[in-house]
C-alpha cells in the first residue's frame with residue numbers, strides 16, 4: 001500500500017442541522033417515531049419548522065460529523081457531499097474547512113436548496129431527525145474524485161446515501177476505486193429504518209465490498225432480523241473483517257477477524273443530546289485505526305469522542321479531541 005495523503009475520506013449527505021428542544025407531546029402531535037430519521041419534503045419541513053420553538057443551526061450530516069471528529073483528533077480528513085451555492089451551503093463549506101477538513105465538491109448552481117435536518121431533542125436526550133435532502137439529491141458519480149479516494153487509507157460512507165439511486169451509484173464507484181487502489185472501505189448503517197429499507201443490498205455490499213462496518217445494537221439486529229445481539233454479532237463476524245458495534249451506555253464490541261474486544265462507554269455527567277454519538281464514535285475509531293492504534297485503543301478513542309458530543313447540544317465536538325485525549329493519556 002502506498003503512503004496516503006488522507007487518513008479517511010467521508011462520503012455523505014451535506015446537511016445543516018436545525019436543532020430544537022421539544023417535549024414528548026410535540027413528537028406525538030406530529031406522528032413521529034422517536035429516535036428515528038424521517039425523510040420529508042419541503043412542505044413537511046415548513047410545517048415542522050413553524051411549530052418548533054427556538055432553534056440553533058449548525059453544520060451536520062452523519063459523515064460530515066465524522067470527518068470533523070477525525071480532524072479534531074489531528075487526523076487528515078476529506079469529505080464529499082453536495083450543497084447548493086446558497087447561504088446555508090456557504091456556511092456548511094466554511095464550517096468544514098474551518099474544522100480542517102478538505103471539502104472540494106463543487107456546489108450546485110441550480111435545483112433544490114442546501115439540505116437541512118430538523119433535529120428534535122426530547123428531555124431524555126433522544127433525538128428524532130426529519131431530513132429534507134434538498135441539494136443532496138444532486139450528489140452523483142461525477143462528484144467522486146478518484147485521486148482523493150486513492151489517496152485515503154479508508155473510504156467511509158454513510159448508509160443514508162443508499163436512499164437515492166444516484167448517490168448509491170456514487171457510493172459503489174468510490175468503493176470500487178478504493179479496493180482497486182488497495183485501500184480499505186467502511187460503512188455506517190446509519191439508522192435501523194434505513195437498514196429495513198435496504199437490508200438485502202446492504203448485506204450484499206458488506207459481504208463483497210466492505211472492510212469495516214459500524215452499527216449500533218438496533219441496526220445490527222435489524223440487519224440480521226433478530227432480537228439476539230450475540231447472534232447478530234456472530235453473523236456479522238462471518239460477513240465482514242471488522243465490525244464496530246456500539247451499545248450506548250453498555251459500551252461497544254469490536255469484532256476483528258472473529259476476535260471479540262469489548263470496550264466500556266466513557267462516563268458522562270449528563271446526557272444532553274445524543275445527536276452525533278455514532279458519528280463521533282466512528283471518528284475516534286477511524287482516527288486510531290489509521291494511525292497505528294489497536295482496535296481496542298481505537299474503540300477507546302471512539303468512546304471518548306462520543307461522550308464529548310453527547311454532553312452538549314450539537315453533533316460536532318466543542319473541544320479539541322487531540323488535546324483532550326492526550327490529557328487523559330490515550331494518545
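The values are calculated or read from the model by the stated rules, or taken from the named source; none is laboratory data. Only a predicted model underlies this, so the values are computations on that prediction, with no experimental measurement involved. Positions of Cβ are backbone-derived with ideal geometry, glycine not excepted, and every protein chain shown enters the neighbour counts.
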Note on residue 284: of the conditions (1) assigned to a loop (DSSP other than H, G, I, E, B); (2) surrounded by 20 or more Cβ atoms within 10 Å (Cβ to Cβ), unmet is (1)
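Can you report the number of residues in region 50-74 which are surrounded by fewer than 24 Cβ atoms within 10 Å (Cβ to Cβ) and farther than 16 Å from residue 127 by Cβ?
Initially, region 50-74 is screened for residues surrounded by fewer than 24 Cβ atoms within 10 Å (Cβ to Cβ), giving 50-58, 74.
Then drop every residue that is not farther than 16 Å from residue 127 by Cβ, which leaves 50-51, 54, 74.
Residues that pass the stated criteria total 4.
This table checks each residue for (1) assigned to a loop (DSSP other than H, G, I, E, B); (2) in contact (Cβ under 8 Å) with a residue 12 or more places away in the chain; (3) in contact with a helix residue (DSSP H, G or I) (Cβ under 6 Å, 6 or more places away or on another chain).
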position: 293; (1), (2), (3): yes, no, no
position: 296; (1), (2), (3): no, yes, no
position: 313; (1), (2), (3): yes, yes, no
position: 317; (1), (2), (3): yes, yes, yes
position: 323; (1), (2), (3): no, no, no
position: 326; (1), (2), (3): no, no, no
position: 329; (1), (2), (3): yes, no, no
Scope region 206-216; condition buried (at least 23 other Cβ atoms within 10 Å of the Cβ) and either in a helix (DSSP H, G or I) or more than 17 Å from the chain's Cα centre (by Cα) (or both); matching residues
none
Out of (1) in contact with a helix residue (DSSP H, G or I) (Cβ under 7 Å, 6 or more places away or on another chain); (2) assigned to a strand (DSSP E or B); (3) at pLDDT below 95, the odd one out for residue 19 is which?
(1)
Just to verify a result, which residue in region 113-133, among those that are part of a loop (DSSP other than H, G, I, E, B) and either out of contact with any helix residue (DSSP H, G or I) (no Cβ under 6 Å at 6 or more places or on another chain) or over 16 Å from residue 90 (Cβ atoms) (or both), is modelled with the lowest pLDDT?
125
Count - residues of region 224-270 that are in a strand (DSSP E or B) and either out of contact with any helix residue (DSSP H, G or I) (no Cβ under 7 Å at 6 or more places or on another chain) or over 26 Å from residue 127 (Cα atoms) (or both)
7
Within region 161-184, is even one residue under 16 Å from residue 89 (Cα atoms), at pLDDT 90 or above and buried (at least 21 other Cβ atoms within 10 Å of the Cβ)?
no
All but one of (1) more than 25 Å from residue 218 (Cβ to Cβ); (2) modelled with pLDDT under 90; (3) touching a helix residue (DSSP H, G or I) at 6+ places or on another chain (Cβ under 7 Å) hold for residue 57, so report the exception by its number.
(3)
Matching entry among 226, 188 (being buried (at least 21 other Cβ atoms within 10 Å of the Cβ) and either over 28 Å from residue 143 (Cβ atoms) or modelled with pLDDT of 95 or more (or both))
188
Write out, first by first residue and then by second, each pair whose Cβ atoms fall under 8 Å of each other, whose residues are 6+ apart or on separate chains, and whose first residue, in region 247-265, is more than 21 Å from residue 191 (Cβ to Cβ) while the second is in a loop (DSSP other than H, G, I, E, B).
256/241; 257/241; 262/251; 263/251; 264/251
Of the listed residues (116, 127, 97), the one being surrounded by fewer than 17 Cβ atoms within 10 Å (Cβ to Cβ) and either farther than 19 Å from residue 272 by Cβ or within 19 Å of the chain's Cα centre (by Cα) (or both) is 97
When the residues of region 142-160 are narrowed to those that are over 19 Å from residue 241 (Cβ atoms) and in contact with a strand residue (DSSP E or B) (Cβ under 9 Å, 6 or more places away or on another chain), which ends up surrounded by the most Cβ atoms within 10 Å (Cβ to Cβ)?
158
Determine whether region 57-78 contains at least one residue that is touching a strand residue (DSSP E or B) at 6+ places or on another chain (Cβ under 6 Å), in a strand (DSSP E or B) and more than 29 Å from residue 192 (Cα to Cα).
no
